[in-house]
1. For the range 113-132: of the residues being crowded, with 22+ Cβ neighbours inside 10 Å and among the aliphatic types (A, V, I, L, M), which is nearest to Ile65 (Cα to Cα)?
2. Working only within the range 20-45, note down all residues that are more than 11 Å from Gln98 (Cα to Cα), assigned to a loop (DSSP other than H, G, I, E, B) and either of a type in the set (Val, Ile, Thr) or in contact with a helix residue (DSSP H, G or I) (Cβ under 6 Å, 6 or more places away or on another chain) (or both).
3. If you take the residues of the range 133-153 that are among the charged types (D, E, K, R) and part of a helix (DSSP H, G or I), which of them is surrounded by the most Cβ atoms within 10 Å (Cβ to Cβ)?
4. Looking at Val188, is it more than 16 Å from the chain's Cα centre (by Cα), at pLDDT 95 or above and surrounded by 15 or more Cβ atoms within 10 Å (Cβ to Cβ)?
5. Does Ala71 fit the bill of being closer than 17 Å to Val171 by Cα, surrounded by 15 or more Cβ atoms within 10 Å (Cβ to Cβ) and out of contact with any strand residue (DSSP E or B) (no Cβ under 8 Å at 6 or more places or on another chain)?
6. Mind checking which pairs have a first residue in the range 191-205 that is in contact (Cβ under 8 Å) with a residue 60 or more places away in the chain and loosely packed, with under 14 Cβ neighbours inside 10 Å and a second that is of a type in the set (Val, Ile, Thr) and assigned to a helix (DSSP H, G or I), Cβ under 8 Å, 6 or more apart or different chains?
7. List every residue pair whose Cβ atoms lie under 9 Å apart, where the two residues are 6 or more positions apart in sequence or sit on different chains, the first residue falls within the range 78-103 and is surrounded by fewer than 19 Cβ atoms within 10 Å (Cβ to Cβ), and the second residue, located anywhere, is in a helix (DSSP H, G or I) and aliphatic (A, V, I, L, M).
Amino acid sequence: MSAEHASGLFITLEGGDGSGKSTQAELLSGWLHERGRTVLRTREPGGTDVGHEVREIVLHHRGDITPRAEALLYAADRAHHIASTVRPALARGEVVIQDRYLDSSVAYQGVGRVLDPVEIRQLSLWAAEGLLPDLTILLDLDETVARTRLDSARTRYDRLEAEKAEFHARVRAAYLDLAEAEPERFLVLDASQPVADIAALIRARVDPLL
């Protein structure tokens, strides 16, 4: 447990669209509640009122958004979200379960949009004042399988979901590279496994951190 987090715990879930992040966040949250922990579930973008407006822009704006502008919008959301929501919850000793964080920016805007991933990471860390998760759960799923899942669940796609297969392949590769570079922070799971099996593996990794 990091001293910065006091008795709190910061867990992020990463992975491509359709990998099951929301499902696993819900299951983990329920398990933690049963163990008597106070849990804050949040997401980026959209974890605050400001973030909700940013989310509408970056995911649903009908016109063009240049890659650098998109990256800066995500960073602006992150700066406000971490300062106003995440850090206070950690200081209260809560477990924060967050859908997407800075690794998404590195994968989607850095590699997916063919910007400099090192610069995007530095921008994200600056926005978050250096805050890193205690654990990042990467739900890894082949992009063609993910697309099939989305096709069965979506009536329309957001701006990122609608990108071509090549984009999503770059994003997946970027995530795996990030996990390889920081194995102590990442738990990489095959998201094609049964939901209950994935949840059990997550609980086994989280339990020693509590």
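The values are calculated or read from the model by the stated rules, or taken from the named source; none is laboratory data. Because the structure is a prediction, the values reported are computed rather than measured. Note that each Cβ is placed from the backbone with ideal geometry, even for glycine, and that neighbours are counted across all protein chains shown.
1. Among them, the one singled out is Ile120.
2. Once the filter is applied, which keeps residues that are more than 11 Å from Gln98 (Cα to Cα), assigned to a loop (DSSP other than H, G, I, E, B) and either of a type in the set (Val, Ile, Thr) or in contact with a helix residue (DSSP H, G or I) (Cβ under 6 Å, 6 or more places away or on another chain) (or both), the range 20-45 yields only Thr38.
3. Checked the range 133-153; the qualifying residue surrounded by the most Cβ atoms within 10 Å (Cβ to Cβ) is Glu143.
4. No; evaluated as a whole, the condition is false for this residue.
5. Yes: the conditions hold for Ala71.
6. Close Cβ pairs (under 8 Å, with a partner that is of a type in the set (Val, Ile, Thr) and assigned to a helix (DSSP H, G or I)) amount to Val195/Thr23.
7. Ala79/Ala127; His80/Val50; His80/Val54; His80/Ala127; Ser84/Val50
Yes/no matrix, rows are residues, columns are (1) over 29 Å from Ala165 (Cβ atoms); (2) modelled with pLDDT of 95 or more; (3) not β-branched (Val, Ile, Thr):
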| residue | (1), (2), (3) |
| --- | --- |
| Ser7 | yes, no, yes |
| Leu13 | no, yes, yes |
| Thr38 | yes, yes, no |
| Val54 | no, no, no |
